[in-house]
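What follows is a short report on a single structure.
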Amino acid sequence: MLRILADGHGHSGEHLAQALGITRGAVKKRLAELEAWGLDVEVTPESDYLLDRPIDLLNKALILHELNPDVERLVARLDVHEKIESTNQALLDAAPHAAGKLVIALAEYQSAGRGRRGRSWVAPFGGGLCFSAGWLFDEMPHDLAAMTLAAGVVVRRVLLEEIGLDVQLKWPNDLVWKDKKLGGILIELAAESQGPCYVVIGIGINISIAPSQLEQVAGWPSGAVDLHTATAGRPPSRNVLAARLIEASARLLPHYGDHGFLQYHAEFTGVDYLQGRHVSVDASSEPISGVVVGVDGSGALLVDTGDRVRRVISGDISVRTRA
């Protein structure tokens, strides 16, 4: 039923029943299931059913076709799920492939998607891009804590190259457009004290989400935004965007262990959303308040408290006023 309705056109209950070989009553039950996935199913004056926005469904074959051949050879596995708890968790639960190979998981809908510190990230079915890339390092990479910032830089490059969208990056893991949250990045790992380190980069981007649902996506004071809005109703193909993110992961992960965050530092500084803003930091040791002066070469946030510059390794950031 979803594949029929994905075109964004109206379809009668009779047509849906005939196409699927089910009763009209069963059609209504399946429509209710789609609404449980966060989809807004409307009824036209002609009693046709349609989605409020068409869905560009993910297609494994199309994604692989879009990949640069060198990158495709680097991908050991590409899984596209219709519904899953978490793409990050799916990769963490699976046995990692040998070092030097990418494993990718995508999903139309995550029932337990998450952000930093266990926060949830939920988008309606097909409304966002739920993407995870896994990579096995021979040993713990240098500047692992700053890899989220480096990932933000390469994701930003993709959006700029594909659709000309100039986003900012908010330490430590947010994609920002016009003061609204466009997406986020979550890095998780499984590692031994002396040995291999399996890293999973999770990327969530709002693609096409109804305004009423966008309010529930992010806890930002100024709210969230999607690519549908940012591109005036012409968001990129989700399959093409997925392929570009795979290629970006293939540029980032194999070399990060050798170079760390330093090669991304200048680019991050140029699009640092927090630089010059007055913030409050709920850090583990003590609250910090001051003006952000940048990020250092190891990825720590630098906050001028008035008497000195403090390095912040982790913590929740609240933006107060621009200095």
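Each Cα pair under 8 Å and six or more residues apart adds its separation to the average, and for the chain the resulting relative contact order is 15 percent.
Which of the peptides 165-175, 197-207, 144-154, 39-49 is most tightly packed, and how do the rest follow, going by the mean number of other Cβ atoms within 10 Å of each residue?
With the highest mean Cβ count within 10 Å placed first, the list reads 197-207, 144-154, 165-175, 39-49.
Rolling a 1.4 Å probe over the protein heavy atoms of the stretch 222-323, with every protein chain left in place, gives an accessible area that is 49 percent carbon and sulfur.
Within the chain, how many Lys pairs that are eight or more residues apart, or on different chains, come under 17 Å at the alpha-carbon?
4
Between 0 and 90 degrees, the angle of helix 238-259 with respect to the longest Cα principal axis of the chain falls at about 20 degrees.
Ignoring everything except DSSP H segments at least 4 long, calculate the 222 nm mean residue ellipticity for the chain; use -39,500 (n - 2.57) per segment, divide by total residues, nearest 500.
Helix-only estimate at 222 nm: -9500 deg cm²/dmol.
Here the dipole of the chain is about 320 debye; that uses its Cα centre as origin and unit charges on the Cβ of Lys and Arg (positive) and Asp and Glu (negative). Beta bridges per DSSP, both residues in the chain: antiparallel share near 85 percent.
Applying 1/(1 + (r/R0)^6) with R0 = 45 Å to the Cβ-Cβ distance of residue 81 and residue 307, what FRET efficiency is obtained, to the nearest 0.05? Once the sixth-power term is evaluated, E becomes 0.30.
Express in nm, to one decimal, how much length is gained between residue 43 and residue 94 on full extension, taking 0.36 nm for each residue of separation and deducting their alpha carbon distance.
Details: separation 51, 0.36 × 51 = 18.36 nm, distance 4.17 nm.
Gain on stretching residue 43 to residue 94: 14.2 nm.
Remark: the chain carries 46 Å² of accessible area per residue (probe radius 1.4 Å; ligands, DNA and RNA excluded). Highest mean first, the peptides 22-32, 180-190 sorted by other C-beta atoms within 10 Å per residue fall in the order 180-190, 22-32. Against the main long axis of the alpha-carbon atoms of the chain, helix 147-163 sits at an angle near 50°.
Fully extended, how many nm does the chain gain between residue 101 and residue 12 (0.36 nm per residue separation, minus their Cα-Cα distance)?
Difference between extended and current length: 27.4 nm.
Could you work out the Rg to Rh ratio of the chain, with Rh taken as the Kirkwood radius (inverse of the mean 1/r over all Cα pairs)? Walk me through the intermediate numbers first.
On the way: Rg = 21.0 Å, Rh = 20.9 Å.
When Rh is taken as the Kirkwood radius, the ratio is 1.00.
When the charge dipole of the stretch 1-67 is built from unit charges on Cβ atoms (+1 for Lys and Arg, -1 for Asp and Glu) and taken about the Cα centre, the candidate among 1, 63, 23 whose Cα reaches farthest toward its positive end is 23.
The values are calculated or read from the model by the stated rules, or taken from the named source; none is laboratory data. This is a predicted model, so every value here is computed, not measured. A quick note on method: Cβ atoms are made from the backbone with ideal geometry, for glycine too, and the neighbour counts reach across all protein chains shown. With ligands, DNA and RNA removed, areas are computed over all heavy atoms of the protein, side chains included. Shrake-Rupley method; radii C 1.70, N 1.55, O 1.52, S 1.80 Å.
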